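K.L.:
I have a structure I would like to understand better, so I am pasting it below and will then ask my questions one at a time.
The values are calculated or read from the model by the stated rules, or taken from the named source; none is laboratory data. Just so it is clear, the model here is predicted, and its values are computed rather than measured. Note that each Cβ is placed from the backbone with ideal geometry, even for glycine, and that neighbours are counted across all protein chains shown.
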Amino acid sequence: MPAFVVGWDVPLDSENVTSVLVIDDHPIVLRACRRLLEDAGVASVLEAGDVAAGYELFCRDNPDVVIVDLAMGKNTLGGLSLIQRINSHDPQAHILVLSMHRDPIIVARALEAGASGYILKDTATEDLLNAIQTIQEGNSYLSHDLAFAGTSTVSFNENIVRGSVNFKFGAW
């Protein structure tokens, strides 16, 4: 049986992904992610509405996967500093960026900061679940749109992703 099958009511491999921390300053995004993850079989879904609360929950609960929005607060990319802080605390942390920003430079900065994956907020539900499963397994993940949009502007090479990384890409 595969660890992940595309579909709304097909659960993640709940033996591997038992806790997820979602950090976003929009309550509707937090609620939607909670519902989606609980429906997929995640036992513990933690929520934080800002960078400070997110870091505190990460340190206290050590979740399997952290989902981070980049733009939190007053039009800043505060999520980048949060990713760096989490990565400094635990270099093995599985961090997935869920953002509206599709600029390849911003994507590259998130990967440099220590994110394991990056998907857009307009992604399909199954892509989000697939991304979570993929990074929990120790792989990296980029939304399909980002992977091909960025290749002409930014080279996602060893310098950007800190080593030889086998990226998995989202569905066409």
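K.L.:
Which of the residues spanning the range 44-63 are among the β-branched types (Val, Ile, Thr) and at pLDDT 95 or above?
P.N.:
First, pick out the residues of the range 44-63 that are among the β-branched types (Val, Ile, Thr): 45, 51.
Selection gives VAL45 alone.
K.L.:
Any residue that is assigned to a loop (DSSP other than H, G, I, E, B) and within 14 Å of LEU96 (Cβ to Cβ) - is there at least one of those in the range 44-55?
P.N.:
So in the range 44-55, the residues assigned to a loop (DSSP other than H, G, I, E, B) come out as 49-50.
This time we only want the ones that are within 14 Å of LEU96 (Cβ to Cβ), so: none.
No, the range 44-55 contains no residue that is assigned to a loop (DSSP other than H, G, I, E, B) and within 14 Å of LEU96 (Cβ to Cβ).
K.L.:
Please count how many residues of the range 65-77 are surrounded by fewer than 21 Cβ atoms within 10 Å (Cβ to Cβ) and more than 14 Å from LYS121 (Cα to Cα).
P.N.:
At the first step, the residues of the range 65-77 found to be surrounded by fewer than 21 Cβ atoms within 10 Å (Cβ to Cβ) are 71, 73-77.
So of that shortlist, the ones also more than 14 Å from LYS121 (Cα to Cα) come out as 73-77.
Adding up the residues that qualify gives 5.
K.L.:
Right, here's the next one. Conditions: (1) surrounded by 17 or more Cβ atoms within 10 Å (Cβ to Cβ); (2) under 19 Å from ILE119 (Cα atoms); (3) among the aliphatic types (A, V, I, L, M); (4) at pLDDT below 95. VAL6 meets all but one. Number of the miss?
P.N.:
(1)
K.L.:
Still on this structure: Here is a list of conditions, (1) β-branched (Val, Ile, Thr); (2) in a helix (DSSP H, G or I); (3) more than 12 Å from the chain's Cα centre (by Cα), and VAL107 meets all of them except one; can you say which number that is?
P.N.:
Looking at each condition in turn, VAL107 falls short on (3).
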